[in-house]
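Structure first, then comments.
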Amino acid sequence: MNPLADQLNQCLIAHAPHVYDMLSKVGKKLFFPKGILSQSAEAKEKAHAINATIGIAKESGHTMCFDSVRDCLHDIPPSQSLTYAPSFGIPALRKQWQKEIFEKNPSLSGKPISLPVVTCGITHGIATFADVWIDPEDVIVLPEMMWGNYSMIFSVRHGARMRQYQMFTENGGFNLSAFEQAVQEEAAGNQKITVLLNFPHNPSGYTLTSDEVDAVVKILKQVAESGTSVLAVTDDAYFGLFYTPEATKESTFAKLCGAHPKILAVKLDGATKENYVWGLRVGFITYGGTFTGDPAVVFDALERKTAGCIRGTISNASHLSQTILLNSLVNEKNQAERKDKFDILKDRAQRVKAVSTDPRYSSAWDVYPFNSGYFMCIRLKTIEAEPLRVYLLDKYGIGLIALGKTDLRVAFSCMDIEDVETLFDTVYKAVKEMENAAA
């Protein structure tokens with residue numbers, strides 16, 4: 001065990017022993033190295049004559065670059081775009097994102113959370129979380145409707161066991177009974193369970209109501225009270241895109257923080273959808289909880305282990321991407337820009353709901369509950385999803401995503417509102433054509 005890792009572990013054991021116990025075997029060994037990084041940091045502060053520590057090229061004291069690259073950067077100097085960023089992320093961006101988390105989640109008022117650690121997109125954030133916290137045979141509780149990459153990250157890469165439950169009741173709404181059963185059964189046989197909560201949900205586009213959030217937190221609190229440690233992970237990739245009054249406007253992370261000492265809340269989010277910068281690949285990992293000792297010490301240890309994991313995989317996320325995001329976040333136009341794009345997506349979602357639930361389609365499909373995000377799903381009644389997907393693509397040039405035997409996912413985020421009725425009319429037409437062909 002590296003002495004730095006042991007030092008972080010001793011901090012966790014002293015201030016939050018249950019958090020230490022939840023770390024993966026790799027997580028227990030992780031640390032943020034001093035070595036070259038710390039020496040370079042010291043030199044940056046004190047080497048006023050010559051600094052020969054940094055693994056980048058400089059010219060006359062400035063970051064070396066091509067003019068053809070500089071021309072693309074406009075007002076962002078190479079020192080803020082082409083150099084390495086810290087493995088933790090740019091400090092100013094971390095502080096700004098934490099500030100926004102508090103502003104967007106009033107229930108966090110007075111609760112301690114870590115400074116977010118910057119990842120290369122939310123997918124990398126999920127993978128980093130898995131490295132730090134998930135061992136082979138650990139259990140991940142999540143619904144049967146899920147983003148397919150969870151299986152790749154948790155099951156294929158880490159050997160975790162995925163316990164799924166039916167997401168919706170027959171009457172619509174989140175299936176609290178199935179969720180509770182899955183959580184309690186797994187808690188009965190494990191000292192630690194990981195519960196993944198993804199709202200707004202991919203692929204259904206559903207976000208919990210406030211009452212459902214309270215019920216989820218109550219269930220996890222009961223599990224923690226019984227003695228099982230809970231890693232409660234919120235994948236908030238589509239956070240903020242809430243279109244109806246009943247959809248809660250806060251992350252479940254906010255209510256989970258401080259719910260019980262044996263619950264560690266982990267927020268995975270990013271600028272990808274919140275700020276409409278999919279290709280910049282800027283995500284964040286933030287920790288929250290209540291501990292027997294000093295939370296600042298616990299968070300510092302977890303941030304260092306997380307940054308150490310990033311250092312050992314990709315080194316750091318793009319400095320340019322982080323700078324562009326930070327500049328946008330603090331720009332006076334930012335709030336108006338967000339509202340403008342949100343209103344466009346909200347109008348589309350409302351049009352999709354009005355059209356897709358029209359009674360004239362009732363013989364062909366049911367619509368899963370949706371109130372947020374990028375997607376909605378229909379459940380086909382007479383035709384299997386994959387053959388219909390191929391038929392729509394080949395005959396009508398319409399692309400949808402087939403999920404299992406019965407479900408089709410519609411990404412209304414990338415559709416013009418004028419195309420909504422045409423889409424569902426064509427899907428219905430294709431269903432009837434396939435029914436007639438099979439008769």
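The values are calculated or read from the model by the stated rules, or taken from the named source; none is laboratory data. Note that the structure is predicted; figures quoted are calculated from it, not measured. In this analysis, Cβ positions are derived from the backbone assuming ideal geometry, glycine residues included, and neighbour counts consider all displayed protein chains. These area figures cover heavy atoms from the full protein model, side chains too; ligands, DNA and RNA do not enter into them. Shrake-Rupley method; radii C 1.70, N 1.55, O 1.52, S 1.80 Å.
Of the accessible area of the chain, with the probe set at 1.4 angstrom, what percent is carbon plus sulfur?
Within the chain, the accessible surface is 53 percent carbon and sulfur.
Pop out the Kirkwood hydrodynamic radius of segment 280-425 from its pairwise C-alpha distances, inverse of mean 1/r, in Å to one decimal.
19.4 Å
Based on the alpha carbon coordinates of segment 40-81, what radius of gyration and maximum Cα-Cα distance (Dmax) apply, in Å?
When restricted to Cα atoms, segment 40-81 yields Rg and Dmax of 12.0, 33 Å.
For a test of the definition: using alpha carbon positions, the gyration tensor, and the 1.5 limit on a/c, classify segment 1-111 as rounded, prolate or oblate.
oblate
Report, in deg cm²/dmol and to the nearest 500, the calculated mean residue ellipticity at 222 nm for the chain, where each DSSP H run with n ≥ 4 adds -39500 (n - 2.57) and the sum is divided by the residue count.
About -13000 deg cm²/dmol.
With every protein chain present, what is the per residue accessible area of segment 377-437 (1.4 Å probe, Å²)?
It amounts to 52 Å² per residue over segment 377-437.
What relative contact order, as a whole-number percentage, does the chain give when Cα pairs under 8 Å and 6 or more residues apart are counted?
19 percent
Only bridges whose two residues both fall in the chain count here: according to DSSP, what percent of them are antiparallel, nearest 5?
Of all bridge pairs located within the chain, approximately 55 percent are antiparallel.
Percent of Cα-Cα pairs more than 30 Å apart in the chain, please.
Value for the chain (Cα pairs over 30 Å): 49 percent.
Relative contact order (percent) for segment 94-242, with alpha-carbon contacts under 8 angstrom and 6 or more residues of separation?
Contact order relative to length: 20 percent.
Using a 10 angstrom cutoff on alpha carbons, build the Gaussian network for the chain and name the most mobile of Asn331, Asn371, Asn202.
Looking only at Asn331, Asn371, Asn202, the biggest GNM fluctuation is shown by Asn331.
In debye, nearest 20: dipole of the chain around its Cα centre with unit charges on the Cβ of K, R (+) and D, E (-)?
Its charge dipole is roughly 880 debye.
Per residue, how much accessible area does segment 189-328 show when a 1.4 Å probe rolls over the protein heavy atoms, in square angstrom?
Accessible area per residue, segment 189-328: 29 Å².
What is the log10 of I(q)/I(0) for segment 107-191, computed with the Debye formula using one identical point scatterer on each Cα and no solvent, at q = 0.11, 0.18, 0.26 Å⁻¹?
The computed values of log10 I(q)/I(0) come out as -0.41, -0.96, -1.15.
Run the reach check for Lys44 against aspartates and glutamates, Cα to Cα strictly under 19 Å, same-chain hits fewer than 8 apart removed. What comes back?
Hits, sequence-local ones excluded: Glu59.
Å³ per residue of the Cα convex hull, for segment 147-306?
Convex hull of Cα atoms, per residue: 132 Å³.
Relative to the longest principal Cα axis of the chain, at what angle does helix 420-438 sit, 0 to 90 degrees, rounded to 10?
Helix 420-438 sits roughly 60 degrees off the main axis of the chain.
For the chain, modelled as a GNM with alpha-carbon contacts under 10 angstrom, which of Met64, Met167, Met376 fluctuates the most?
Evaluated over the chain, the most mobile residue of the options is Met64.
Averaged per residue, what accessible surface does segment 48-177 expose to a 1.4 Å probe, in Å²?
Value for segment 48-177: 51 Å² per residue.
Mean-square fluctuation check for the chain, GNM, Cα pairs under 10 Å: which of Ser24, Ser372, Ser229 is largest?
Ser24
Return, for the Cα atoms of segment 354-439, the radius of gyration and Dmax in Å, separated by a comma.
Rg and Dmax of segment 354-439, Cα atoms, are 12.0, 38 Å.
Work out which chymotrypsin sites (Phe, Trp or Tyr not before Pro) in the chain are exposed loop sites (DSSP not H, G, I, E or B, at most 15 other Cβ within 10 Å) and give the longest gap free of them.
Looking at the chain, 85-275 is the longest stretch - no exposed chymotrypsin sites (Phe, Trp or Tyr not before Pro) with at most 15 other Cβ atoms within 10 Å.
Here are some pairs, Lys34/Lys95; Lys29/Lys99; Lys346/Lys395; Lys221/Lys381; Lys28/Lys99; which of them have Cα atoms lying more than 27 Å apart in this structure?
Going by Cα-Cα distance, Lys29/Lys99; Lys346/Lys395; Lys221/Lys381; Lys28/Lys99 fall outside the 27 Å limit.
Would you mind checking the tilt of helix 3-15 against the longest principal axis of the Cα atoms of the chain, expressed as 0 to 90 degrees and rounded to 10?
Approximately 70 degrees, to the nearest ten.
If you take the alpha carbon radius of gyration of segment 320-379 and divide it by 2.2 N^0.38 Å, what ratio comes out, to two decimals?
For segment 320-379, the normalised Cα radius of gyration comes out at 1.65.
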